[in-house]
1. Is any residue of segment 71-86 close enough, with backbone N under 19 Å, to a label point placed 7 angstrom from the Cα of Ser46 along the Cα-Cβ axis, and if so, which?
2. If you stretched the chain out fully between Arg398 and Gln283, how much longer would it get, using 0.36 nm times the residue separation minus the C-alpha to C-alpha distance?
3. Would you check the chain for Lys pairs whose C-alpha atoms are within less than 20 Å, ignoring same-chain pairs closer than 8 in sequence, and give me the count?
4. Order of 217-223, 362-368, 389-395 by packing, highest average Cβ count within 10 Å first?
5. Loop-only chymotrypsin sites (Phe, Trp or Tyr not before Pro) in segment 252-314, please: DSSP not H, G, I, E or B, and at most 12 other Cβ atoms within 10 Å.
6. Can you work out the FRET efficiency for the pair Tyr100 and Tyr205, with r the C-beta to C-beta distance and R0 = 41 Å, to the nearest 0.05?
7. Pull out the extension gain between Glu370 and Arg33, defined as 0.36 nm times the separation in residues minus the alpha carbon to alpha carbon distance; nm, one decimal.
8. For a protection proxy built on the mean count of beta-carbon atoms within 10 angstrom, sort 272-283, 147-158 highest first, please.
Amino acid sequence: MVSVHTSPLAQPGTGDAGGMNVYVLNTARELARSGVEVEVFTRATSSDEPPTVEAAPGVLVHHLPAGPFEGLSKNDLPTQLCAFTGGLLRAEAHNRPGHYDLIHAHYWLSGQAAWVAADRWGVPLVQTFHTLAKVKNAQLAEGDSPEPIGRVVGEEQITTEADLLIANTAAEAAELQRYYGADERRVEVIHPGVDLGVFRPGDRYAARQALGLPQDALVVAFVGRIQPAKAPDVLLRGLARLRETDPLLAERIVPVFVGGPSNTDLYWLPKLAGELGLGDRVQWRTPRSGEALAQVYRAADAVAVPSYNESFGLVALEAQAAGTPVIAAKVGGLTTAVADGASGLLVDTHRADDWAAALGRLMGDGALRERLAAGARTHAALFSWQTTAEGLSGAYRRALLARSQAITLNR
Ligand code: UDP
């Protein structure tokens, strides 16, 4: 696997580390469990990292030097693709000549590096984009800058070059065809998963105590990278509006934000909370993983995912697995990750009025929340990383078979 811009070992929920890290780590682990040896190549971002780390049994993560450890933003990384690709080719030539059967690249930057390596090694290239520039640009958050043309062109090239494209949902497969002209025979839909062992229902009282949250409040949580595309401001604006329409209910709601800034000013959201008169109400918590994150989901009466776009939305699935209903924007993968009316509520727009109405409906109705909480766990149980990995190994096998058939035909 190639994951240039972010390591599967990084703490997700801040900076550039998010769902892709979780995806790479969990699919690699499950593939390894099923007997597929996995090596992940990522850019080294610290002198403390050893060149190679065993992330899980059968999963090696290699840190390739490519540019300075710190100080490069994701938008600077195309300048380091030459160095990264050179490192990738040298690593294979020196340590593992002829060892790799297939490359799975994550995000467009990795696709560019992997495309050269796949060509050189004569192996299939499987690509997962995770997000698409043209889709993001079509649904930009207010004040967010559009993705550069270089990325758009880069994604178009990989769409043509890859043997197989993996889409997280049918919606993403349709976007690949509509925006990028992808050949539908080379697109496979494989849903991401969730760790149902970690994210499971539990004691809300204990969870609130662990997080220092009031027991008698109605808690609505936002979990993830704090950036305009994830629309945490939409949740705040909805709550501020609810204060006008239903002050008694709004008074009982405590919003909790778990995550760190991601290419935004550190104070962007706290400043907005202050301007909306919610400054003393909002609770801020740093990113966390595993059981500590499961506690956040359990502590919440609802988890909000107001994003402008999500190719899937792992947070929505994790919350449901922990038995917490989700209130999410009706966009992209969230329409798959959430069963509208059964495991959560989908909101059609990002307008404060609509979010206030949906929040009012969910937070004001305990019986509805209970019904959705039961549906949430049932819906989440349809997904697992093991199923995702089974889907991937099937896709890898088909890509390898198509390659060998093409070679035979060309002979
Ligand atoms: N996450 C985490 N700790 C945090 C906040 C988020 O581990 O404090 C993880 C979360 O569990 C999820 C991922 O970050 O698996 C975010 O994935 P999602 O698909 O929701 O959004 P993305 O980051 O890919 O845009």
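No lab work stands behind these numbers, since they all come straight from the coordinates. Computed from a prediction, not measured in an experiment: that's the story for all the values here. Note: ideal-geometry Cβ built from the backbone for every residue, glycine included; neighbour counts use all protein chains shown.
1. 71-74
2. So the chain would gain 36.6 nm between Arg398 and Gln283.
3. Lysine pairs, 8 or more places apart or on different chains, close enough: 9.
4. 217-223, 389-395, 362-368
5. Passing sites in segment 252-314 are Tyr267.
6. The pair Tyr100/Tyr205 has a calculated efficiency of 0.25.
7. So the chain would gain 117.7 nm between Glu370 and Arg33.
8. In descending order of packing, they fall as 147-158, 272-283.
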